[in-house]
Amino acid sequence: MRELHGRVAVVTGSSRGLGRAIAVKLASLDAEVVVNYRSNEAAAEETLRLIRETGGEGIIRQADVSSF
């Protein structure tokens with residue numbers, strides 16, 4: 001599926017739980033995904049690994065989105 005080809009999705013809190021599931025799903029639809037995490041880099045790297053397993057593309061970025 002190439003429904004989101006050429007699109008970039010920034011998924012906050014995507015290192016675990018629902019955010020991870022959303023990030024992986026968007027990648028499976030061919031979006032490039034920015035995996036956001038606040039403090040658990042290992043979990044973010046695991047999400048990126050799952051994205052790449054689907055053939056998707058992504059990067060990880062640390063940021064506390066609750067702080068302006």
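Among the residues of the range 31-62, those identified as open to solvent by 40 Å² or more (accessible area, probe 1.4 Å) and in a loop (DSSP other than H, G, I, E, B) are Arg38, Ser39, Asn40, Thr54, Gly55.
Determine whether the range 53-64 contains at least one residue that is hydrophobic (A, V, I, L, M, F, W, C) and touching a Gly at 6+ places or on another chain (Cβ under 6 Å). Looking through the range 53-64, none of the residues is hydrophobic (A, V, I, L, M, F, W, C) and touching a Gly at 6+ places or on another chain (Cβ under 6 Å).
The values are calculated or read from the model by the stated rules, or taken from the named source; none is laboratory data. All values reported here derive from a predicted model rather than from experimental measurement. Cβ coordinates were reconstructed from backbone atoms using ideal geometry, including for glycine residues, and neighbour counts include every protein chain displayed. Note: accessible area is taken over every heavy atom of the protein model, side chains too, but ligands, DNA and RNA are not part of it. Shrake-Rupley method; radii C 1.70, N 1.55, O 1.52, S 1.80 Å.
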